[in-house]
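Asker: Next up is a structure, given as structure tokens.
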Amino acid sequence: MIDFQVLVFYSFALLLVGAGIGVIVARNPVHAALFLVLAFFSGAGLWMLLEAEFLAISLVLVYVGAVMVLFLFVVMMLDINLDQLREGFWKYFPIGALVALLMVGELWMVVSGRDVMRTGQGLPPAAADASNTREIGLQLYTTYLYPFELAAVVLLVAIVAAIALTLRRRKGTKYQNPAEQVRVKRADRVRMVSIPATGKTGE
Amino acid sequence: MTSYLSLLAPAAPEIVLLALVSIVLVADLFIDDSRRMTTYFLSQLTLLITLLVLVAAPHGGPVYTFHNMYVDDTLGRALKGLVLVAVSLVFAYSKTYAEQRDMLKGELFTLMLFSTLGMMVLISANHFLTLYLGLELLALCQYALVAMQRDSARASEAAMKYFVLGALASGLLLYGMSMIYGATGGQLGLQAVAQALAAPGVDHGLAAVGTVFIVAGLAFKLGVVPFHMWIPDVYEGAPTVMTLFVGTAPKIAGVAFFVRMLGEGLAPLSHDWQQMLVIMAVLSMALGNITAIAQTNIKRMLAYSTISHMGFVLLGILAASQQGYAAATYYSVAYTLMGLAAFGMILLLSRAGFEAENLDDFKGLNRRSPWFAFVMLLVMISMAGIPPSVGFFAKLSVLRAALDAGFTWLVVVAVLLSLVGAFYYLRVIKLMYMDEPVDQAPIEGDLDLRVLLSLNGLAVLLFGVLPQPLLALFDHAIVQSLR
């Protein structure tokens, strides 16, 4: 008799693996991005099972809500030529297959001989009033303070690098300067031209 | 309050550096493009202050803080000090070159400073998480620096290769770390991992597979065969100032990573990683030295020479003895010294609108400037490992460590391959002294560049004549750190 939790675990896990395969085999990049969304959702479901509610919800909010939407925008804006990308697939296939086989072999070494299908007792149940957010916050700001701050520095560097690589003033780019637009005088826009009368008005 | 400060105190150099870089970052926004040299001086001041904090802090024995994630020991201090000096030299060498090529932006300095912070974090890390974060901080800045010259197709291609392979290496590293985490029952601190791995009943198969991935990731970062593919392209494609930066100080941090990770955390598994390192060391020395012969571009030649030097570094590490680790760190410092001088020389010979990238540009250097031809001669004999130069003692100490560990055949192979390598270093000397100059332009270059480069070259000779203080320092530091 499989209990309900195990059933839920396996359905989410299968969904996750299926979505992961979908990401790499989908021909259309937009479909691939949507498969990734599905993978994140299934991952969040697994975390829910582990009673990590805060992480599960933030995974959905941050990755699905923000990152993947941005990702989809980028994928839709880029004109990706898949045929060009797939060129040379068969040329690199043997070496790729060899690497994949090696990885599978190594994974087999890890998995074989171990009782991986065993379902353990699971984690001890948390107290009813335990707050996920509070516990994570406590860990982050005490034990893991140093890596946490370092991660902040890495993000700062990412911002600096992204701006340094993308910001530049091209010559001939047209842009608006609202301050100048507001301060504009009639004399800047309208030129009074006196056109001499030619004497034919009477006709 | 005081207890809290005493927890932060061991990490004072990193904290000071971060605070000062942030100031430089903001101050740079208010500096006009034509006065960019101000940023340069601010950056040099930042390095100087950090160095002073590092030297001035009280010291005795290893001090652990931040829940054992950070360690302050002699090894860390010595390497951090050397990294700071090396980065300062990089700044001094590159400012004119960067100015002439319109690359003198504030980000050039701030990204290099952030990268320096990453190296310091890496050197002082005592936990898998901090090792990884320091490495990412270091690497992220480097990707951006290589890509900085956006209109150059070569630089963009190099940056792309570097970025994709670097990300892959990080993935391998993390995958390996997760396996070690599983095998040790949830340990990530270096000492805790070592203890858990040494305990009976540990899942050795799982830990060994994890080690394979970790060593592969590390090898990518250091650039040893078969994970070397990015090195020649990045060295050749990146602007020379970036090559100078990528190719020097980070090597010290990389070797520190090896020593901390393998020498401390994974020490109980030394039999597993020793075999991998033997293969990588032999392949690196062979491929690096033999391919370098065929190069006509000096940056590419030096890239292959780096690969072979990193093979020698591995020779020290795979001895898995304190002597070996000390020799490997000494080698990385010696290499950094030589690399700074070699790439500095390329910068000196380059001028506005001209890149001295080819071996032919070194022809007849003796006619144009006997002094700098002599400095380059020192660097080349040092890279070839001919006495009396720092390169000779570096090679000698790693070979001795490998010999003491019982790898006699490996030492023989290494010596033979370094003989092969001597060919292309000596060819540069031949070009400088026996050929007619192709390029007749006088050697110009700022006074500070010429003085520092001369001192750098002389240091290669000085540490060769008096190798003992530095060697003794690392011997002492390693003994203290890896008790």
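Asker: Need the failing condition index for B:Leu453 against (1) more than 15 Å from B:Met338 (Cα to Cα); (2) in contact with a Leu (Cβ under 7 Å, 6 or more places away or on another chain), just the number.
Answerer: Result: B:Leu453 fails condition (1) only.
Asker: Another question, then. From the list B:Leu137, B:Leu218, B:Leu145, which one is at the interface with chain A (Cβ under 10 Å from one of its Cβ atoms) and modelled with pLDDT under 95?
Answerer: B:Leu145
Conditions (1) surrounded by fewer than 19 Cβ atoms within 10 Å (Cβ to Cβ); (2) in contact (Cβ under 8 Å) with a residue 40 or more places away in the chain, marked per residue:
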| residue | (1), (2) |
| --- | --- |
| B:Gly406 | yes, no |
| B:Val415 | yes, no |
| B:Gly421 | no, yes |
| B:Tyr424 | no, yes |
| B:Asp446 | yes, yes |
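Asker: Residues to consider are B:Leu283, B:Leu266, B:Leu244; find the one that is open to solvent by 10 Å² or more (accessible area, probe 1.4 Å) and not polar (S, T, N, Q).
Answerer: Among B:Leu283, B:Leu266, B:Leu244, only B:Leu283 is open to solvent by 10 Å² or more (accessible area, probe 1.4 Å) and not polar (S, T, N, Q).
Asker: Another question, then. Out of region A:141-155, which residues are more than 8 Å from chain B (Cβ to nearest Cβ) and either among the basic types (Lys, Arg) or in contact with a helix residue (DSSP H, G or I) (Cβ under 9 Å, 6 or more places away or on another chain) (or both)?
Answerer: Of everything in region A:141-155, those that are more than 8 Å from chain B (Cβ to nearest Cβ) and either among the basic types (Lys, Arg) or in contact with a helix residue (DSSP H, G or I) (Cβ under 9 Å, 6 or more places away or on another chain) (or both) turn out to be A:Tyr141, A:Phe148, A:Glu149.
Asker: With respect to the numbered conditions (1) over 29 Å from B:Pro200 (Cα atoms); (2) within 14 Å of the chain's Cα centre (by Cα), which one is the sole condition not fulfilled by B:Leu283?
Answerer: Among (1) over 29 Å from B:Pro200 (Cα atoms); (2) within 14 Å of the chain's Cα centre (by Cα), the lone unmet condition for B:Leu283 is (2).
Asker: Go through (1) crowded, with 19+ Cβ neighbours inside 10 Å; (2) at pLDDT below 90 one by one and return the number of the condition B:Pro387 breaks.
Answerer: Every listed condition holds for B:Pro387 apart from (1).
Yes or no, residue by residue, for (1) surrounded by fewer than 24 Cβ atoms within 10 Å (Cβ to Cβ); (2) within 13 Å of chain A (Cβ to nearest Cβ):
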site	(1), (2)
B:Lys80	no, no
B:Val83	no, no
B:Lys95	no, no
B:Asp102	yes, yes
B:Leu122	no, yes
B:Ala125	no, yes
B:Tyr132	yes, yes
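Asker: Next question. Go through the residues of region B:55-62 one by one and say whether even a single one is on the phi < 0 side of the Ramachandran plot and part of a helix (DSSP H, G or I).
Answerer: Looking through region B:55-62, at least one residue is on the phi < 0 side of the Ramachandran plot and part of a helix (DSSP H, G or I).
Asker: Out of all the residues in region B:370-383, is one or more within 30 Å of B:Ser270 (Cβ to Cβ) and open to solvent by less than 20 Å² (accessible area, probe 1.4 Å)?
Answerer: yes
Asker: Among (1) touching a helix residue (DSSP H, G or I) at 6+ places or on another chain (Cβ under 6 Å); (2) buried (at least 16 other Cβ atoms within 10 Å of the Cβ), there is one condition A:Ile80 misses while meeting the rest; what is its number?
Answerer: Of the numbered conditions (1) touching a helix residue (DSSP H, G or I) at 6+ places or on another chain (Cβ under 6 Å); (2) buried (at least 16 other Cβ atoms within 10 Å of the Cβ), the odd one out for A:Ile80 is (2).
Asker: Which numbered condition trips up B:Leu111, out of (1) in contact (Cβ under 8 Å) with a residue 60 or more places away in the chain; (2) buried (at least 24 other Cβ atoms within 10 Å of the Cβ)?
Answerer: (1)
Asker: Quick check: anything in region B:9-28 open to solvent by 80 Å² or more (accessible area, probe 1.4 Å) and in contact (Cβ under 8 Å) with a residue 24 or more places away in the chain?
Answerer: no
Asker: Does any residue of region B:263-276 turn out to be out of contact with any Leu (no Cβ under 8 Å at 6 or more places or on another chain) and polar (S, T, N, Q)?
Answerer: Within region B:263-276 (the criterion being out of contact with any Leu (no Cβ under 8 Å at 6 or more places or on another chain) and polar (S, T, N, Q)), the answer is yes, since at least one residue qualifies.
Asker: With respect to B:Arg300, determine if the residue is more than 16 Å from B:Ser397 (Cβ to Cβ), surrounded by fewer than 19 Cβ atoms within 10 Å (Cβ to Cβ) and in contact (Cβ under 8 Å) with a residue 12 or more places away in the chain. I'd like the intermediate steps shown before the answer.
Answerer: Details: more than 16 Å from B:Ser397 (Cβ to Cβ): yes; surrounded by fewer than 19 Cβ atoms within 10 Å (Cβ to Cβ): no; in contact (Cβ under 8 Å) with a residue 12 or more places away in the chain: yes.
In short, no.
Asker: Do the conditions hold for A:Ser112, that is, is it of a type outside the set (Val, Ile, Thr) and at pLDDT 85 or above?
Answerer: So A:Ser112 fails the test.
Asker: Can you tell me which residue among A:Ala19, A:Ala39, A:Ala33, A:Ala66 is open to solvent by less than 50 Å² (accessible area, probe 1.4 Å), closer than 28 Å to A:Gln139 by Cβ and of a type in the set (A, V, I, L, M, F, W, C)?
Answerer: After applying the criteria, what remains is A:Ala39.
This table checks each residue for (1) touching a Phe, Trp or Tyr at 6+ places or on another chain (Cβ under 8 Å); (2) within 16 Å of B:Asp73 (Cα to Cα); (3) part of a helix (DSSP H, G or I).
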| site | (1), (2), (3) |
| --- | --- |
| B:Ser3 | no, no, yes |
| B:Leu7 | yes, yes, yes |
| B:Leu18 | no, no, yes |
| B:Asp28 | yes, no, yes |
| B:Ile31 | no, no, no |
| B:Ser43 | yes, no, yes |
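Asker: Then there's this: Among the residues of region B:84-115, count how many are under 24 Å from B:Ile443 (Cβ atoms) and under 16 Å from the mean Cα position of the chain (by Cα). Spell out the reasoning first.
Answerer: Just the residues of region B:84-115 that are under 24 Å from B:Ile443 (Cβ atoms), to begin with: B:86, B:88-104.
Filter once more, so that each one left must be under 16 Å from the mean Cα position of the chain (by Cα): B:86, B:88-91.
Residues in region B:84-115 being under 24 Å from B:Ile443 (Cβ atoms) and under 16 Å from the mean Cα position of the chain (by Cα): 5 in total.
The values are calculated or read from the model by the stated rules, or taken from the named source; none is laboratory data. Predicted model only: the values in this text are computed from it and were never measured. No Cβ is skipped: glycine too gets one built from the backbone with ideal geometry, and neighbour counts run over all protein chains shown. Ligands, DNA and RNA are stripped out before the accessible areas are found, and what is left, the full protein with its side chains, is counted by its heavy atoms. Shrake-Rupley method; radii C 1.70, N 1.55, O 1.52, S 1.80 Å.
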